[in-house]
Amino acid sequence: RDNRGEEEELLNFTEGDQPNALVSLTGEVVVENSSNDSMSVQLQSKSEFMTAVLVLDRVAPSVSKNSSYYYEVTVVTGGLAQIGWACLAGDNTAFEPNNETGDGVGDDGSSFAVDGSRGLKFHDGNEWEYSIQWKAGDRLGCLLDNSDEESKISFTINGKYLGVAFKTELKPLVPAFSCNMGEI
């Protein structure tokens with residue numbers, strides 16, 4: 001809980017891999033350093049459906065063949081959030097969230113997400129059932145695995161592998177988060 005008594009979420013980074021920029025694309029978000037861990041930040045949505053991304057020092061390697069990228073999110077409140085990966089660059093393919101219409105991660109063709117509060121996965125305006133359920137305190141793992149020909153996006157919940165959720169062509173993807181007011 002923060003100094004206003006509101007719940008927040010922790011994002012953890014390994015030494016030297018802290019994000020170059022945590023950027024709010026739509027809506028209002030509070031970003032604070034964690035008092036518990038110098039390698040974590042706390043996020044909380046202050047608008048109806050905010051979206052933020054982590055832009056890392058080396059965005060281009062996320063399209064490197066035979067490479068993998070992984071991050072974890074601690075879900076503090078356990079409510080509605082769409083968490084996954086988004087493409088911020090490309091000809092007519094950049095991720096375009098909109099908090100006024102409720103479009104977040106996974107709601108367009110340039111992003112991929114899961115929501116454990118609803119047990120769904122999202123991409124290109126579509127939603128499908130996915131074997132994920134989270135509650136307050138759970139840890140969501142997000143894996144981007146690039147092979148020679150495609151990217152596979154998988155998720156874990158509290159370390160349990162849930163399988164491949166999406167396959168897509170290789171493109172530069174960054175960690176992305178959308179959530180309702182007061183969540184995460």
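The values are calculated or read from the model by the stated rules, or taken from the named source; none is laboratory data. All figures in this text were calculated on a predicted structure; none of them were measured in a lab. The protein model used for the area step is the full one, side chains on, heavy atoms only, and it has no ligands, DNA or RNA in it. Shrake-Rupley method; radii C 1.70, N 1.55, O 1.52, S 1.80 Å.
Is the shape of the range 82-175 best called rounded, prolate or oblate, per the rule: a/c under 1.5 gives rounded, else a/b larger than b/c gives prolate, else oblate, with a ≥ b ≥ c the square roots of the Cα gyration tensor eigenvalues? The shape class here is oblate. When the solvent-accessible area of the range 107-169 is split by element, carbon and sulfur atoms take up 44 percent of it, the probe being 1.4 Å. When the C-alpha to C-alpha distance is required to be over 22 Å, the pairs from K65/K167; K46/K152; K46/K171; K46/K160; K121/K171 that qualify are K46/K152; K46/K171; K46/K160. In terms of its C-alpha gyration tensor, the range 104-158 has an oblate overall shape, because the principal axis ratio a/c (a ≥ b ≥ c, square roots of the eigenvalues) is not below 1.5 and a/b does not outweigh b/c.
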